[in-house]
Amino acid sequence: MNEHGLVGRRYAGEVKQIITGSIGFDDWEWGVDLFADDPMVFKKLIYEMRFDEVSAKYAVFGPFWNGLQFSIEEFPRFLAGEAPALKEKVSA
């Protein structure tokens, strides 16, 4: 699992992770929620993790869901098939 963690650490600052747990949530007792401004980051991260030694051998990946977060003002644009405007990053 060390390699798995090292892959994830390479994305620190680009991806925020929240690990959630539950009982009776479909077939899974836990989930990993990932948040990023650029969806391409998810593709790269997941692709790399699927081929680390432990994941490639033992992992059973469940379904993936993704979505967009935007303001209610952007909803009409979304319904019209346009990409909602991305929120500006707020510097700390």
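The values are calculated or read from the model by the stated rules, or taken from the named source; none is laboratory data. Nothing here was measured: the structure is a model prediction, and the numbers come from that model. All Cβ positions, even for glycine, are placed from backbone atoms using ideal geometry, and neighbour counts span all protein chains on display. Heads up: the accessible areas ignore ligands, DNA and RNA and are worked out on the full protein's heavy atoms, side chains in. Shrake-Rupley method; radii C 1.70, N 1.55, O 1.52, S 1.80 Å.
So here's what we get for this one:
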quantity	calculated
Inter-residue pairs, beta-carbon under 7 Å, first at negative phi and in the stretch 72-85, second not in a loop (DSSP other than H, G, I, E, B), 6+ apart	Pro84/Glu74; Pro84/Arg77; Pro84/Phe78; Ala85/Glu74
Selection status of Ala36, touching a helix residue (DSSP H, G or I) at 6+ places or on another chain (Cβ under 7 Å), open to solvent by less than 100 Å² (accessible area, probe 1.4 Å), among the hydrophobic types (A, V, I, L, M, F, W, C) and without any contact (Cβ under 8 Å) to a residue 12 or more places away in the chain	no
Residue match in the stretch 11-23 (condition: under 21 Å from Phe70 (Cα atoms), open to solvent by 80 Å² or more (accessible area, probe 1.4 Å), under 9 Å from the mean Cα position of the chain (by Cα) and hydrophobic (A, V, I, L, M, F, W, C))	no
Criterion: among the acidic types (Asp, Glu) and touching a strand residue (DSSP E or B) at 6+ places or on another chain (Cβ under 6 Å) - qualifying residue of Asp33, Asp37	Asp33
Where Arg77 falls short, out of the listed (1) at pLDDT below 85; (2) surrounded by 13 or more Cβ atoms within 10 Å (Cβ to Cβ); (3) basic (Lys, Arg)	(1)
Residues satisfying the stated conditions in the stretch 1-56, i.e. of a type in the set (D, E, K, R), part of a strand (DSSP E or B) and either over 29 Å from Pro84 (Cβ atoms) or modelled with pLDDT of 85 or more (or both)	Lys16, Glu29
